[in-house]
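Chemist: Take this structure, written in structure tokens, and hold onto it; I'll ask about it next.
The values are calculated or read from the model by the stated rules, or taken from the named source; none is laboratory data. Just so you know, these numbers come straight off a predicted model, no measurement behind them. All Cβ positions, glycine included, derive from the backbone under ideal geometry; neighbour counts span all protein chains shown. In case anyone asks, the SASA skips ligands and DNA or RNA and just uses the protein heavy atoms, side chains included. Shrake-Rupley method; radii C 1.70, N 1.55, O 1.52, S 1.80 Å.
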Amino acid sequence: MSVKQLGIGVVGAGSIGIRGALAHLCLPDVQDKVRLAAVCDPVPGRAQAAADKYTVARAYDDLNALLSDDAVDAVILCSPIGLHYEQGLAAVRAGKHVHFNKTMTVTAGEATEIMDEAEARGLKLVASPGQMLRPSNLRLRKMLQDGVLGRVSWAVTGAAFGSYHEKENTRTGSDVLTNVNPSWYWRKPGGGPVYDMSVYGMHTLTGLLGAAKRVSAMSGVAIHEREWNGQMFPCDADDNTLFTLDFGDNVFALVHGTFAGSVSQFGQPSVFGERGAIVGLNLNGERIAYPGSDRDNGNPIRLLPHVVDTIHAEMEEAHVFEDTMQLVRWVREGIPSNATAEHARHVVEIIEAGYRAAQTGQTQTLVTTFDAPKGE
Ligand SMILES: NC(=O)c1ccc[n+]([C@@H]2O[C@H](COP(=O)([O-])OP(=O)(O)OC[C@H]3O[C@@H](n4cnc5c(N)ncnc54)[C@H](O)[C@@H]3O)[C@@H](O)[C@H]2O)c1
């Protein structure tokens, strides 16, 4: 097994390319494991500006040039979701390991194609969000399996869009690193609150309850134009969506991805059963205990293995850094991750099939599954 530093290529120097990848991976504490080999972005001057600021060896305007760079062993896709399929496929075909920021792809078939190509080449894939890396969620899963709620009746998760992206500090300035246009978040393919935000809670929900078996849905576009930086942009991605999921044995869940209004904590489903409720990280109103819960200040991200007791715990998007380091560790040390492509593909299938259910009025049967997350 190689122990050299893994050469990282960052694809997209926008909000998460900067805040989730470059700002973390340029720090001294990880230089024995990673080397920032290259960054690419098609916006003129952005990749070079990012390379200068975060000490990246090479800057490119296009992905193919980055993929041709032998110093790049693995890529982190920090580009819009609708590009992940073609870019992920190109990356594995170029022999690179891939970390997909959420959401892995737009369709399950796209994910399968990339997974098959990666497997044929012995390449590793890690797909965010690694919700089941968190000790809190692993403990919740064990508690549910041990019957803490008795028989589970239903669960709810989801998120509301609001105007979060428009206000990120990478979008409110005037230079090439701070004027990043968020309008792709409102367009098909890959836009909308479900692919963008509900995906966190769906990873946790399925991590806790296992793979869903069927989905039905209502969905549509409520807001047809949004403003950023004084300009109006069209919105054609659904922004008001309700999925109902069937986990089998009459266990159901509701997932929302809406333009306003949430009923559960972000990324953290509420689960109900005959003996009460898990709401966020509380069981019947009492905070649950999990390894490290006495020292995480209520934020389990601080306990992630590459984050705990490091400077990364104080930084934005530490969970994205963790997911990247899961890939780095897997490639360098052969330690697999719970942030698997299989789990991400299952969530992608729910979303894809959910939208199809809304369009057709027909409940859709789900076919993908994933291995249970490891650890407790
Ligand atoms: N912004 C967040 O809070 C956040 C958090 C976690 C994960 N993510 C995920 O990170 C990814 C990127 O989101 P973002 O918010 O950083 O988007 P963004 O719009 O801020 O940045 C995307 C960047 O990709 C660049 N780009 C466009 N086409 C490209 C191409 N063909 N090749 C390379 N780069 C290209 C754009 O120029 C832009 O700089 C998405 O998958 C998103 O879901 C975002």
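Chemist: Restrict the check to the range 8-17 and report whether at least one residue is at pLDDT 95 or above, open to solvent by less than 10 Å² (accessible area, probe 1.4 Å), farther than 17 Å from VAL320 by Cα and more than 11 Å from the ligand (Cβ to nearest atom).
Modeler: Looking for residues that are at pLDDT 95 or above, open to solvent by less than 10 Å² (accessible area, probe 1.4 Å), farther than 17 Å from VAL320 by Cα and more than 11 Å from the ligand (Cβ to nearest atom), one finds none in the range 8-17, hence no.
Chemist: Quickly run through the range 317-356 and pick out the residues that are among the aliphatic types (A, V, I, L, M) and either without any contact (Cβ under 8 Å) to a residue 60 or more places away in the chain or more than 16 Å from the ligand (Cβ to nearest atom) (or both).
Modeler: Within the range 317-356, the first condition is being among the aliphatic types (A, V, I, L, M), and the residues that meet it are 318, 320, 325, 327-328, 331, 335, 339, 341, 344, 347-348, 350-351, 353.
Passing the criteria: VAL328, VAL331, ILE335, ILE350, ALA353.
Chemist: In the range 307-316, what count of residues is obtained for those that are free of Cβ contacts under 8 Å to residues at least 60 places away in the same chain and not in a helix (DSSP H, G or I)? Give the derivation first.
Modeler: Restricting attention to the range 307-316, the residues satisfying the condition of being free of Cβ contacts under 8 Å to residues at least 60 places away in the same chain are 307-309, 313-314.
Imposing the further condition that a residue be not in a helix (DSSP H, G or I) reduces the set to 307-309.
Residues in the range 307-316 being free of Cβ contacts under 8 Å to residues at least 60 places away in the same chain and not in a helix (DSSP H, G or I): 3 in total.
Chemist: Kindly establish whether ARG35 is in a strand (DSSP E or B) and of a type in the set (Lys, Arg).
Modeler: Working: in a strand (DSSP E or B): yes; of a type in the set (Lys, Arg): yes.
When the stated conditions are applied, ARG35 passes them.
Chemist: Something else now. Filter the range 2-29 down to the residues that are hydrophobic (A, V, I, L, M, F, W, C) and either at positive phi or under 22 Å from the mean Cα position of the chain (by Cα) (or both) and list them by number. Give the steps one after another, and end with the answer.
Modeler: To start, the set of residues in the range 2-29 that are hydrophobic (A, V, I, L, M, F, W, C) comprises 3, 6, 8, 10-11, 13, 16, 18, 21-23, 25-27.
Passing the criteria: LEU6, ILE8, VAL10, VAL11, ALA13, ILE16, ILE18, ALA21, LEU22, ALA23, LEU25, CYS26.
Chemist: Does the range 163-173 contain any residue that is under 20 Å from VAL255 (Cβ atoms), surrounded by fewer than 18 Cβ atoms within 10 Å (Cβ to Cβ) and not acidic (Asp, Glu)?
Modeler: Yes: one or more hits.
Chemist: All but one of (1) assigned by TED's automatic domain parsing to the domain that holds ASN101; (2) within 20 Å of the chain's Cα centre (by Cα) hold for ASP116; which doesn't?
Modeler: Among (1) assigned by TED's automatic domain parsing to the domain that holds ASN101; (2) within 20 Å of the chain's Cα centre (by Cα), the lone unmet condition for ASP116 is (2).
Chemist: Still on this structure, I have one more. Please pick out the residue among ARG287, ARG275 that is without any contact (Cβ under 8 Å) to a residue 60 or more places away in the chain and open to solvent by 60 Å² or more (accessible area, probe 1.4 Å).
Modeler: Numbers: ARG275 fails: without any contact (Cβ under 8 Å) to a residue 60 or more places away in the chain.
Checking each option against the conditions leaves just ARG287.
Chemist: Which of (1) more than 18 Å from SER198 (Cα to Cα); (2) buried (at least 17 other Cβ atoms within 10 Å of the Cβ); (3) in contact with a strand residue (DSSP E or B) (Cβ under 7 Å, 6 or more places away or on another chain) does MET232 not meet, given it meets every other one?
Modeler: For MET232, the exception is condition (2).
Chemist: Filter the range 50-68 down to the residues that are surrounded by 18 or more Cβ atoms within 10 Å (Cβ to Cβ) and in contact (Cβ under 8 Å) with a residue 24 or more places away in the chain, then identify the one that is farthest from ILE18 (Cα to Cα).
Modeler: To start, the set of residues in the range 50-68 that are surrounded by 18 or more Cβ atoms within 10 Å (Cβ to Cβ) comprises 50-51, 54, 56, 58-60, 63, 66-67.
Narrowing the set further to residues that are in contact (Cβ under 8 Å) with a residue 24 or more places away in the chain leaves 50, 54, 56, 63, 66-67.
Numbers: ALA50: 8, TYR54: 9, VAL56: 12, LEU63: 17, LEU66: 17, LEU67: 19 Å.
In this case the residue turns out to be LEU67.
Chemist: I'd like the full set of residues that are within 12 Å of the ligand (Cβ to nearest atom) and aliphatic (A, V, I, L, M), limited to the range 173-210.
Modeler: Residues satisfying the conditions are VAL176, LEU177, VAL180, VAL194, MET197, VAL199.
Chemist: Select the strands (runs of 3 or more DSSP E) contained entirely in the range 128-228, then report the ones holding at least 1 residues which are more than 20 Å from ASP238 (Cβ to Cβ) and touching a Leu at 6+ places or on another chain (Cβ under 7 Å).
Modeler: Because the criterion is at least 1 residues that are more than 20 Å from ASP238 (Cβ to Cβ) and touching a Leu at 6+ places or on another chain (Cβ under 7 Å), the strands (runs of 3 or more DSSP E) in the range 128-228 that meet it are 152-160.
Chemist: What do you reckon, is GLN326 more than 18 Å from the chain's Cα centre (by Cα), of a type in the set (S, T, N, Q) and not in a loop (DSSP other than H, G, I, E, B)?
Modeler: Working: more than 18 Å from the chain's Cα centre (by Cα): no; of a type in the set (S, T, N, Q): yes; not in a loop (DSSP other than H, G, I, E, B): yes.
So GLN326 fails the test.
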